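Data first, discussion second: the structure below is written as structure tokens.
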Amino acid sequence: MAFDSFRDWINQLDRAGELRRITQPVATELEITELADREMKRPGGGQALLIEQPTVNGVVSPFPVAINTLGSHQRMAMSMGAESVDAVAAELGALMKAKPPTSMAEAMKLLSLALDLRHAKPKVVSYGPCKEVIHLVDSPKLRVESWPKAPDWQNPSTINSKPSTLLNLPILKCWPLDGGRFITLPCVVTQDPDTGDRNLGMYRVQIYDNQTTGMHWQLQKVAARHGRRYYERGERMPVAIFLGGDPMYPFAATAPLPDGLDEFLLAGYLRKKSVELVKCETNDLEVPANSDFVIEGYIDPQEPLRDEGPFGDHTGYYTLPEPYPVFHVTAITHRRDAIYPATIVGIPPMEDFYIGGASVKLFLPIFKMNFPEIMDIALPAEGVFHNLVFVSIRKTYPMQAYKIMHGLWGMGQMMFTKYIIVVDDDVDVHNTSDVLFRLCANTDPQRDSIFTKGPSDVLDHATSEIAAGSKLGIDATKKLPGEGFKRSWPPLINMSDEVRRKIDSIFGGRH
């Protein structure tokens, strides 16, 4: 289902009993992080939190902060208007089965067509609620637009005469050694200067002052590629950051879509309604009209890079300072009743575990089209998103596990995976204990392992060089003739069905 605003999404969580309201003041400096970290580590991800009185340097902000809104399997399904993410994945898979692709390029083209079947293509409108309040940074004036009140507004925030700046938004300082405040759930819009293709990504944003930030797009990201072209051309690069609106926006921004496929198309498909886009005030980029906040600006290729960080990252460690482009703010626009969305990352499990898990489920049908032997894929929380991948396959020929390893390392963000463990189709890859049992029981370390080299996540502090490192694949499947195994493979211990049924009839399944 489509949510008309982030507040609409919050109200839906409240009605479903998925929201905990925090009425007392809580500081955006560290305190919200501590509160959210405790909640995220509760069984099943805890509840979403709405901090109604966040304080910035001791002053209560007019904008509430919402955090952990996607931090459970249930809330991820709710955000898609579905009973489960598996149901959405099955529907997408069914749409794509009309003509099985023969290559990854064909699969991506088919995905684009499948998404378009729901009339999910974004459309441009002339105006939207994200422009109810407009502050042009080079002007001290605050402009409040005349825009009809949405029917679902509740308790709209009072707007001060003081213009909104980066310094008075409720932006978090997450961890004690962080280099400052960071926007942690930004949807960043950029455009290829050559083709005009749009990209929606998520890259953390460090606040330097009320007009400049760091823009942490890693070198393998699409926005970084766009940036390199602007640097080569010597042209100022327009950038837009938006927050809030439909919860499918940040999900689409983090989804592993191939370069050139519009993330707003995916968002429109998942929310069952086209995304309405509106042109920015100070550049030609387009952002969702129902966003809560929009931060417009540019990156100047003539300006030197600036150190960004440290930042307590999803690896569970701090990312140390590295040079990144400087983003200059030219305008901030927002709803009158805006809610500021945030997340935190750190030692898992965190909210990103559930977001990443939903992405894997959603795109599993695409993996299966290229690798039909794949049964399931899991990214356990301990792997901090993509460091560790478990894959179950229906194995029919020797060395098939290695084919899968190499294939996955060649697919999008899977290139960052450090460890891939392949198991047989009778293993539940979402049960880490089951996978580790097969890993220890079914492998000879030298025979069943392969090392290779490739790109690494720039956030990985363990590699000897930034963005380059080694990878380990382990074949934990039953060994077949032709795989160097000369003995008989023993059967797995299992009780007979007859005895199980008898004991069930006597004890009712109780131990």
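The values are calculated or read from the model by the stated rules, or taken from the named source; none is laboratory data. The model shown is predicted, which means the values in this text are computed figures rather than measured ones. Positions of Cβ are backbone-derived with ideal geometry, glycine not excepted, and every protein chain shown enters the neighbour counts.
Below is a table of values for the structure above.
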quantity	calculated
The one condition in (1) on the phi < 0 side of the Ramachandran plot; (2) touching a helix residue (DSSP H, G or I) at 6+ places or on another chain (Cβ under 8 Å) that Asp313 fails to fulfil	(2)
Selected residue (criterion: surrounded by the most Cβ atoms within 10 Å (Cβ to Cβ)) from residues of segment 31-42 that are within 16 Å of Gln53 (Cβ to Cβ) and either touching a Pro at 6+ places or on another chain (Cβ under 7 Å) or among the hydrophobic types (A, V, I, L, M, F, W, C) (or both)	Ala36
In segment 422-453, residue surrounded by the fewest Cβ atoms within 10 Å (Cβ to Cβ) [restricted to those that are of a type in the set (Ser, Thr, Tyr) and farther than 18 Å from Gly484 by Cα]	Ser433
Cβ-Cβ under 8 Å pairs, at least 6 apart or on other chains, segment 71-84 side assigned by TED's automatic domain parsing to the domain that holds Met248, far side surrounded by 24 or more Cβ atoms within 10 Å (Cβ to Cβ) and among the acidic types (Asp, Glu)	Gly71/Glu351
Which listed residue, of Ser505, Ser470, is more than 18 Å from Ile393 (Cα to Cα) and in a strand (DSSP E or B)	Ser470
Residues that are of a type in the set (A, V, I, L, M) and not in a strand (DSSP E or B), drawn from segment 273-329	Val275, Leu285, Ala289, Leu305, Leu320
Scope segment 224-242; condition under 12 Å from Ser291 (Cα atoms) and in contact with a helix residue (DSSP H, G or I) (Cβ under 8 Å, 6 or more places away or on another chain); matching residues	Phe242
Subset of segment 330-356 (residues that are assigned to a loop (DSSP other than H, G, I, E, B), of a type in the set (Val, Ile, Thr) and touching a Gly at 6+ places or on another chain (Cβ under 6 Å))	Ile347
Odd one out for Ala27 among (1) within 14 Å of Cys174 (Cα to Cα); (2) touching a residue at least 40 places away in the same chain (Cβ under 8 Å)	(2)
Answer residue from segment 216-232, given it is in a helix (DSSP H, G or I) and touching a Phe, Trp or Tyr at 6+ places or on another chain (Cβ under 8 Å) and is farthest from Leu200 (Cα to Cα) among those	Gly227
Given (1) within 26 Å of Pro129 (Cα to Cα); (2) crowded, with 16+ Cβ neighbours inside 10 Å; (3) modelled with pLDDT of 95 or more, number of the condition Ser5 does not satisfy	(3)
Residue among Ala107, Ala94 that alone is surrounded by 17 or more Cβ atoms within 10 Å (Cβ to Cβ), farther than 24 Å from Ala36 by Cα, at pLDDT below 85 and in the same structural domain as Leu19 (by TED's automatic domain parsing)	Ala107
Residue that is within 25 Å of the chain's Cα centre (by Cα), modelled with pLDDT of 90 or more and surrounded by 10 or more Cβ atoms within 10 Å (Cβ to Cβ), where the choices are Ser456, Ser470	Ser470
Verdict on Arg75 being out of contact with any helix residue (DSSP H, G or I) (no Cβ under 6 Å at 6 or more places or on another chain), under 24 Å from Asp4 (Cβ atoms) and part of a strand (DSSP E or B)	no
Residue satisfying condition, being of a type outside the set (Gly, Ala, Ser), surrounded by 24 or more Cβ atoms within 10 Å (Cβ to Cβ) and touching a residue at least 24 places away in the same chain (Cβ under 8 Å), within set Glu281, Glu286, Glu308	Glu308
Residue match in segment 433-452 (condition: more than 30 Å from Gly346 (Cβ to Cβ) and either among the hydroxyl-bearing types (Ser, Thr, Tyr) or within 25 Å of the chain's Cα centre (by Cα) (or both))	yes
Given (1) more than 30 Å from Asp138 (Cα to Cα); (2) buried (at least 19 other Cβ atoms within 10 Å of the Cβ), number of the condition Arg394 does not satisfy	(2)
Conditions (1) in a strand (DSSP E or B); (2) over 22 Å from Val65 (Cα atoms); (3) among the β-branched types (Val, Ile, Thr); number of the one not met by Ile366	(1)
Selected residue (only one of Gly45, Gly17, Gly58 is surrounded by 20 or more Cβ atoms within 10 Å (Cβ to Cβ) and either of a type in the set (Gly, Ala, Ser) or in contact (Cβ under 8 Å) with a residue 40 or more places away in the chain (or both))	Gly45
Boolean, Leu49 is in the same structural domain as Ala255 (by TED's automatic domain parsing), in a strand (DSSP E or B), under 23 Å from Thr254 (Cβ atoms) and not hydroxyl-bearing (Ser, Thr, Tyr)	yes
